[in-house]
1. Given chain B, what percent of its DSSP beta bridges are antiparallel, to the nearest 5?
2. For the protein assembly as shown, just say rounded, prolate or oblate: build the C-alpha gyration tensor, square-root its eigenvalues into a ≥ b ≥ c, call rounded for a/c under 1.5, and beyond that prolate if a/b exceeds b/c, oblate if not.
3. Report the FRET efficiency, 1/(1 + (r/R0)^6), for A:SER119 and B:ARG345, where r is their Cβ-Cβ distance and R0 is 30 Å, rounded to 0.05.
4. Once the dipole of chain A is set up with Lys and Arg at +1 and Asp and Glu at -1 on Cβ about the Cα centre, which of A:SER169, A:GLY235, A:LEU100 lies farthest towards its positive end?
5. Scan around A:LEU192 for amide H atoms under 5 Å from its own, H built in the peptide plane at 1.01 Å from N, and keep only partners 5 or more places away or cross-chain.
6. Need one word for the range B:199-323: rounded, prolate or oblate. Basis is the Cα gyration tensor (sqrt eigenvalues a ≥ b ≥ c); a/c below 1.5 gives rounded, then a/b vs b/c decides.
7. Between their Cα atoms, which of B:LYS49/B:LYS308; B:LYS238/B:LYS308; A:LYS172/B:LYS77; B:LYS178/B:LYS325 are more than 28 Å away from each other?
8. Compare A:VAL81, A:VAL15, A:VAL258 in a GNM of chain A, Cα atoms joined below 10 Å, and give the one with the largest fluctuation.
Amino acid sequence: MKRSLLFPVLSLILVLTAAFSLTLGKYPLTLDDITGFFLLKMFGVGDDIDPEHFLLLGNLLIDIRLPRILAAILIGASLSVSGAAFQAMFVNPLVSPGLLGVLAGASFGAAMSMVFFDSWFAVQSFTFLFGFIAVLIAVGIARMHKGNTILLLVLGGVISAALFTSLLSIIKYIADPFNQLPAIVQWLMGGLSLVDHKTLLAAGIPQVVSIIVMILFSGYLNALSMGDEEAQALGIPVEWIRMLLIFVATMMSALTVVLAGMIGWVGLIIPHITRMLVGPDNKILIPASALIGAIYLIFVDDISRMLFNVEIPIGITTSLVGIPFFAIILRKAKKGWN
Amino acid sequence: MTFNQKSIQIIAATALLLLLSVCAAAAVEARTITDMKGRQVSLPDPVRKVYAPSPYGSYIMYSVDPSMLAGLIFPIKEEDKKYFPKTVQSLPVIGSLFGQGQAANIEVLLKARPDLLIMWATDKSAINQKTEESLKKLNIPFVYAVAGSLADYPEVYLFLGKVLKREKRTKRLSLYCKNTLEEIKGVVNRIPPGKRPSVYYAEGMDGLSTECDDSIHVELLKLTGDRDVHRCHTSCHKGFEKVSLEQVILYKPDVIIVQEKVFFDKVFKDPAWRNVKAVREKRVYLIPRHPFNWFDRPPSFMRILGLKWLTSILYPGEYKIDIIKEANNFYRLFLGVELSADEMRQVIYP
């Protein structure tokens with residue numbers, strides 16, 4: 001695909017996927033209903049919809065389906081971008097957004113507050129807070145020793161993630177097994193059904209800003225991916241840039257947990273798929289990952305919603321769909337890996 | 001020579017010990033009872049301390065005689081302490097034996113020295129080999145109480161009364177359960193199936209988990225008109241089936257009963273829910289849950305009161321009761337606590 005066409009084409013696919021997903025749902029709506037609704041809503045033309053039906057349509061499309069699709073876009077883009085950034089920053093293709101413990105910390109925060117508090121706002125706040133605390137611990141451990149920073153950060157991340165995973169297990173263990181435990185387990189499997197307008201707005205703005213910051217800094221990622229010494233030789237303040245990017249990536253990932261619980265796999269696999277399609281240049285890879293990640297998560301959420309009468313947690317579908325998808329792309333890959 | 005003397009001493013000491021232990025065993029007389037699985041169990045007499053290593057068993061013991069408990073299955077929450085006598089609050093937390101929550105440390109259980117274990121089963125015939133074997137190792141006699149459905153509770157109470165020699169009390173409890181079950185059956189039977197309201201049971205923080213209509217978790221819905229909107233077969237005990245909001249809109253439930261306060265607080269504010277019939281008609285109810293849930297999770301003896309509560313919600317015209325008064329009676333009889341009308345209002349409408 002020509003470079004100049006890449007982003008217009010991907011954006012078009014994203015818009016089409018999102019529009020198509022609006023038509024999907026367990027409540028049967030005809031295409032006429034939907035086009036009629038939007039024509040009336042946006043341009044005020046065509047007034048043959050009876051007011052009560054119009055309200056129901058608005059409820060289904062604007063209150064129920066649209067927030068989910070927007071959340072899927074935000075989450076897919078955030079996880080993919082932070083995954084791609086981490087893979088470049090740590091010069092390691094096996095790295096995913098959870099490397100520094102943000103997902104483990106956020107999950108712990110969510111589970112802990114589900115057990116001890118009765119308010120959803122508390123759950124969301126603690127989810128976000130503990131995502132950051134986990135990463136702070138990882139960075140703190142890395143700082144304790146002078147040496148290979150990348151290796152120490154990875155080690156710190158492993159320790160921090162292990163710490164919060166065990167704390168999470170304690171919470172699961174003391175949770176009321178009849179009520180709280182199933183709620184926690186379900187939350188950890190991820191799902192977009194909890195998304196509402198308010199949270200979407202509160203989480204969406206910092207997420208979009210973070211993605212833009214990441215795209216603006218993608219040139220530095222190219223330098224970092226050559227290793228610290230080379231990057232320093234180019235006159236880049238490696239430590240500062242790295243800390244800034246870790247902060248931004250943590251912000252994005254923690255907010256995905258606030259919105260939809262644990263959604264694994266996207267942050268690992270989408271950057272790889274994107275890399276196979278567009279090559280390793282982060283200036284292109286990062287924005288392309290954002291678009292492909294968004295498309296992928298909308299698609300996967302559609303499957304979650306539509307396949308059965310009950311919803312499949314999206315954490316399960318992302319991996320089940322992702323694996324064959326990955327295999328196909330791997331076979332067809334022409335571009336180099338690094 | 002010294003060797004011989006020593007061995008005689010050892011033999012004599014052993015014999016003495018044996019004799020003593022026989023005497024000790026004889027001091028606690030035994031009586032034999034048939035448990036609800038038909039096993040012959042010889043019980044120590046009297047039974048002073050019991051432990052029920054499952055939530056169901058422990059919960060029902062709170063209503064039979066909490067002072068007989070050797071330990072708790074879960075720690076009692078701070079806000080629920082007022083519903084329990086001081087002696088119960090200070091009991092050690094032992095935990096449960098086979099799954100379901102915090103696993104018991106066997107040595108803590110042995111240290112608490114219960115005379116008898118009360119096991120809970122939902123099926124008379126099924127015998128779990130593994131469970132039985134590990135129970136035998138504990139060397140504490142155990143009896144099975146079996147309740148497959150709420151209709152078995154009167155019998156369970158009578159059985160526990162016999163085992164624990166609390167017949168007088170459990171007869172009253174048993175009768176209360178039986179009368180309630182019959183009373184509600186009468187009310188529901190008078191209403192033609194077409195006029196019974198349909199119900200959606202909202203679980204989880206998002207209110208989008210529910211139960212299939214044949215699940216034990218929604219037995220009360222079965223008993224109060226069998227109009228659970230989510231018709232399917234439960235594949236596992238855990239339940240918690242995820243549904244989509246669009247599905248709920250399609251179900252057009254007349255009434256929603258809600259498990260989580262978090263969800264209850266937002267259901268009328270969240271525009272996404274405004275097209276659900278029950279929300280539009282303001283027929284959404286939060287399930288009372290202190291100190292134990294009235295409806296489910298766990299499905300306990302509290303459901304007897306839950307049955308009255310739910311019937312009064314579903315059929316306000318046909319079943320007119322003062323739920324505050326009824327609930328206070330129930331708490332007095334089953335839990336031995338006296339609440340003022342205001343306190344009870346706080347339990348029902350937090």
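The values are calculated or read from the model by the stated rules, or taken from the named source; none is laboratory data. Quick caveat, the model's predicted, so the values are computed rather than measured. Reconstructed Cβ throughout: ideal geometry from the backbone, glycine too, with neighbour counts over all protein chains shown. Accessible surface areas use protein heavy atoms only, side chains included; no ligands, DNA or RNA. Shrake-Rupley method; radii C 1.70, N 1.55, O 1.52, S 1.80 Å.
1. Working: 9 of 27 bridges.
Within chain B, antiparallel bridges account for around 35 percent of the total.
2. On the way: a/c = 2.77, a/b = 1.43, b/c = 1.94.
Because a/c hits 1.5 or more and a/b fails to exceed b/c, the protein assembly as shown counts as oblate.
3. 0.85
4. A:GLY235
5. When sequence neighbours closer than 5 places are left aside, the close amide H contacts are A:ILE314.
6. The shape class here is rounded.
7. Checking Cα-Cα distances, B:LYS49/B:LYS308 exceed 28 Å.
8. Sorting by GNM fluctuation, first place goes to A:VAL15.
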